[in-house]
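The next block holds one structure in the form of structure tokens; read it before the comments.
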Amino acid sequence: MASGMRRSGRELAIKIIYSFDGVSNADALLGSFWNNFRFRDDVLGEPLEDISVDIAPPMREFAENLVRGVAGNLDKIDDLIGEYSTNWSLERMAKVDLAILRMATYELLCHLDVPVSVVINEAVEIGKRYGTKETPAFVNGILDRISRTCRPVAAP
């Protein structure tokens, strides 16, 4: 899958993960999302009125994989984020920052084929697009600490 498709898939996943609120059934959340929302494939990613616009199957599959993975590992993911986000409880974090951190932490834990630098860079770039001006540095710092535990670099 092309990197642009993966980025778009991640952005879709962030939009779905953003709406997590104690949801244990990822399939119900995904069904509701796909039946009600479509987003313009441009810089702003604004919602579209027409939900009949097709989403490329590989992009949708990738987004669903991320959402299901986050939902299935939410307690472990939140514990890691909480452990490495000094001075910030999950409840105090901006929802978009938390959604980005959840998705990227899942990728660090379970998508070992994706390099750490790619996971962090994608999260930072998505943070630049959807978060505040502080989001990229905040996300980068926490993910860097998490990655050192989850995927330590072997000494030469």
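The values are calculated or read from the model by the stated rules, or taken from the named source; none is laboratory data. Please read these numbers as outputs of a predicted model, since none were measured by experiment. Glycine gets a Cβ as well: all are built from the backbone with ideal geometry, and neighbour counts include every protein chain shown.
Residues in the stretch 64-123 that are in a loop (DSSP other than H, G, I, E, B), within 17 Å of A137 (Cβ to Cβ) and either in contact with an Asp or Glu (Cβ under 9 Å, 6 or more places away or on another chain) or of a type outside the set (K, R) (or both): S85, T86, N87, W88, M93, A94. Scanning the stretch 117-143 for residues that are touching a residue at least 40 places away in the same chain (Cβ under 8 Å) and surrounded by fewer than 20 Cβ atoms within 10 Å (Cβ to Cβ) turns up E125, R129, Y130. Within the stretch 48-76, residues that are under 26 Å from L98 (Cβ atoms) and exposed (fewer than 14 other Cβ atoms within 10 Å of the Cβ) reach partners that are among the aromatic types (F, W, Y) and modelled with pLDDT under 85 with beta carbons closer than 9 Å, at six or more positions or on different chains, in the pairs L48/F37; L48/F39.
Scanning the stretch 81-92 for residues that are surrounded by 20 or more Cβ atoms within 10 Å (Cβ to Cβ) and free of Cβ contacts under 8 Å to residues at least 60 places away in the same chain gives a single hit, S85.
Of the residues making up the stretch 139-152, one or more are outside any helix (DSSP H, G or I) and over 21 Å from S19 (Cα atoms).
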